[in-house]
1. Counting only the heavy atoms of the protein chains, how much of Tyr28 is accessible to a 1.4 Å probe, in Å² to the nearest 10?
2. Of Phe45, Ala374, Gly196, which is farthest on the positive side of the dipole of the chain, counting Cα position, with +1 on Lys and Arg Cβ, -1 on Asp and Glu Cβ, and the Cα centre as origin?
3. Relative to 2.2 N^0.38 Å, what does the C-alpha radius of gyration of region 300-385 come to as a ratio? Two decimals please.
4. What is the magnitude of the charge dipole of region 279-385 about its Cα centre, with +1 placed on the Cβ of each Lys and Arg, -1 on the Cβ of each Asp and Glu, and no other charges, expressed in debye to the nearest 20?
5. Go through Leu277, Gly309, Phe261 and say which Cα lies farthest out towards the positive end of the charge dipole of the chain; charges sit on Cβ, +1 for Lys and Arg, -1 for Asp and Glu.
6. Ignoring ligands, DNA and RNA, please state the percent of accessible area on region 229-366 from carbon and sulfur, probe 1.4 Å.
7. Would you mind checking the tilt of helix 271-286 against the longest principal axis of the Cα atoms of the chain, expressed as 0 to 90 degrees and rounded to 10?
8. Determine Rg/Rh for region 111-242; Rg is computed over alpha-carbon atoms and Rh is the Kirkwood hydrodynamic estimate from the same atoms.
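The values are calculated or read from the model by the stated rules, or taken from the named source; none is laboratory data. Predicted, not measured: the structure shown is a model, and the values here were computed from it. Backbone-built Cβ (ideal geometry, glycine too); neighbour counts: all protein chains shown. Each accessible area value is taken on the protein alone, full model and side chains, heavy atoms only, with ligands, DNA and RNA left out. Shrake-Rupley method; radii C 1.70, N 1.55, O 1.52, S 1.80 Å.
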Amino acid sequence: MSGDPVAIARNLLRCPSVTPEEGGALTYLEGVLGNAGFEVHRMIFAEPGTAPVENFFARIGTGSPHFVFAGHADVVPPGDSAQWTHPPFAGDIAGDALYGRGAVDMKGAIACAVAASIARLQENPGGPNGSLSFLITGDEEGVAVNGSIKLLRWAEEHGEKFDHCLLGEPTNPKSVGDMIKIGRRGSLNARLVVTGTQGHVAYPDLADNPLRGLITIMQALLSEPLDRGSAHFDPSNLEFTTVDVGNETVNLIPAEARARFNVRYNDCHSAPALRKLIETRAQKAAKDRIRWRIAWDASNADVFLTAPGPFVDLVSGAIVDVTGRKPSLSTAGGTSDARFIKDYCPVVEFGLVNTTMHAVDERVAIADLATLTAIYRRILDRYFS
Ligand SMILES: [Zn+2]
């Protein structure tokens, strides 16, 4: 049984677990956590049209409270390996850093959680004063269909009830202890379509140019803020990502024009209310003149907030204990699997420094692995005290 986060991280980095490949990462974790007394379950989830993916659940203890570390053992592809100073799946240490795809996103954090758990169990051989689990998916960086959604459902069907979850995504902008994520904005994608009447540019009175209507509605949607932000969220934002007509002909008024947009929204809105608000604004701008419709993509990224309270204070306090600094509580950035976990128990995110995630030469400072392990250990000590 080794509680050394650097050794565990190196072993994980040597497993080429590019989504949807398991790459040996979960087999390795099964060995380490199994040796430490965890009961390990591995399951493959599949669905037509997607690659089957391996997932992992391990638990020690039978009582409550039940604390779960969540994470993903899959990684994004390394891109051109020749661009890397050190091979992406070698686990090389150079200077004060450990290199490899997944070093910060997020095998490094999994290694710290495993190391902290083993160390606590070694010093408390009676087991946790409650239950401690690991919920590890192999489908976070891909389409996320055969990952956390199904893993959480599997756990529920097997009687697992979680009280609190810590997700080890890289949350810190500069150094370990900067930032906890206590929520995430929701995300909606949509297509705005305006229909006109095709015709000759020299005879516009015989045609109806949909570009005029498209610009009118786009202008309306961009000119008025969706809200002014809330206690824990920045203002929601609507961003157009493309405008498409596809017209190659110089003297032709096209029949249809389309634009795509994404909305990142805060807890001032629910998804249905937000869709209605945007459609109402479009209708107001369109009046009876413009023929338009908005087609909304299905979304599984709703806004959520884990309100500040005892659990957030516990995590924050552990960070203060180890680093002497109080982390900021943030809801910025993209979505994560916390959007699925929040339906089962309160979840906060805290992990390594995010500057090299998904980049060439992804790496973690050796000192950061020690710091994060100490913080995770402190969280466990406070939680199970
Ligand atoms: Zn990640």
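1. 50 Å²
2. The Cα lying farthest towards the positive end belongs to Gly196.
3. Expressed relative to 2.2 N^0.38 Å, the Cα Rg reads 1.19.
4. 580 debye
5. Leu277
6. 51 percent
7. The angle comes out near 20 degrees.
8. Using Cα coordinates only, the ratio equals 1.21.
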